[in-house]
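Here is the structure we will look at.
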Amino acid sequence: MSIDPRVTAYIAAKPDFARPILEHIRARVHAACPEVEESIKWSMPAFLYRGRPLANMAAFKAHASFGFWDRNALLAAGEFAEVAAKDRDGMGSYGKLTSLTDLPDDAIFEAQIRQAVVYAARGDRPKRAARPPKPEAEVPPALAEALASDATAAANWEGFSPSCRREYCEWITDAKREETRANRISKALAQVHEGKKLNWKYENC
């Protein structure tokens with residue numbers, strides 16, 4: 001068993017409620033994967049398999065946490081309901097841990113760890129969940145009125161990507177003074193008429 005004294009010191013310095021949780025997690029990880037290595041990464045205990053990230057744990061004032069490096073791969077496997085059930089309730093794969101009862105049954109927990117080892121052994125980078133697209137930006141009324149007066153600009157505007165339109169809208173709405181806002185609308189209309197993005201000057205820098 002590879003024990004890092006820094007991890008031992010980390011656990012010893014944590015609140016009374018957290019120490020049993022961290023010790024239990026540590027024991028389960030070593031039981032499921034005798035080859036696991038311990039380290040400190042990002043100021044918290046980390047578990048590595050053959051030098052590759054496997055999982056980490058941490059403790060805070062009111063809760064502890066444990067997270068798999070490739071949590072989404074475990075979720076995609078479809079057989080680890082415990083991971084999905086408490087996911088997103090705080091940092092880690094099991095939410096905010098305040099007692100040992102917040103962790104899965106030992107057999108389930110160790111099975112999840114062994115599966116995580118399989119992903120770590122392959123060396124794949126974790127596949128992060130895709131972020132939902134941002135909603136279409138609300139066009140400031142004054143800009144909408146300006147576009148309506150210029151058919152070419154209006155056509156170019158419709159051809160822009162949502163992110164390009166959002167940049168223009170946010171740039172205009174961020175103006176604090178009415179004069180500044182009017183100047184930005186005038187500049188935006190001229191650039192859009194020419195089919196240019198807001199920061200077109202810097203695209204090739």
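The values are calculated or read from the model by the stated rules, or taken from the named source; none is laboratory data. In this text, all values refer to a predicted model and were calculated from it rather than measured experimentally. Positions of Cβ are generated from backbone atoms using ideal geometry, with glycine treated the same way; all protein chains shown enter the neighbour counts.
The table below gives the values:
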{"read-out": "Cβ-Cβ under 9 Å pairs, at least 6 apart or on other chains, region 43-71 side more than 11 Å from LEU22 (Cα to Cα) and without any contact (Cβ under 8 Å) to a residue 24 or more places away in the chain, far side of a type in the set (Lys, Arg) and buried (at least 21 other Cβ atoms within 10 Å of the Cβ)", "value": "PHE47/ARG26"}
{"read-out": "Conditions (1) modelled with pLDDT under 80; (2) under 20 Å from the mean Cα position of the chain (by Cα); number of the one not met by ALA55", "value": "(1)"}
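Here's the yes/no breakdown for (1) among the small types (Gly, Ala, Ser); (2) at pLDDT 90 or above:
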site: ARG122; (1), (2): no, no
site: ARG125; (1), (2): no, no
site: ALA142; (1), (2): yes, yes
site: LEU147; (1), (2): no, yes
site: CYS169; (1), (2): no, yes
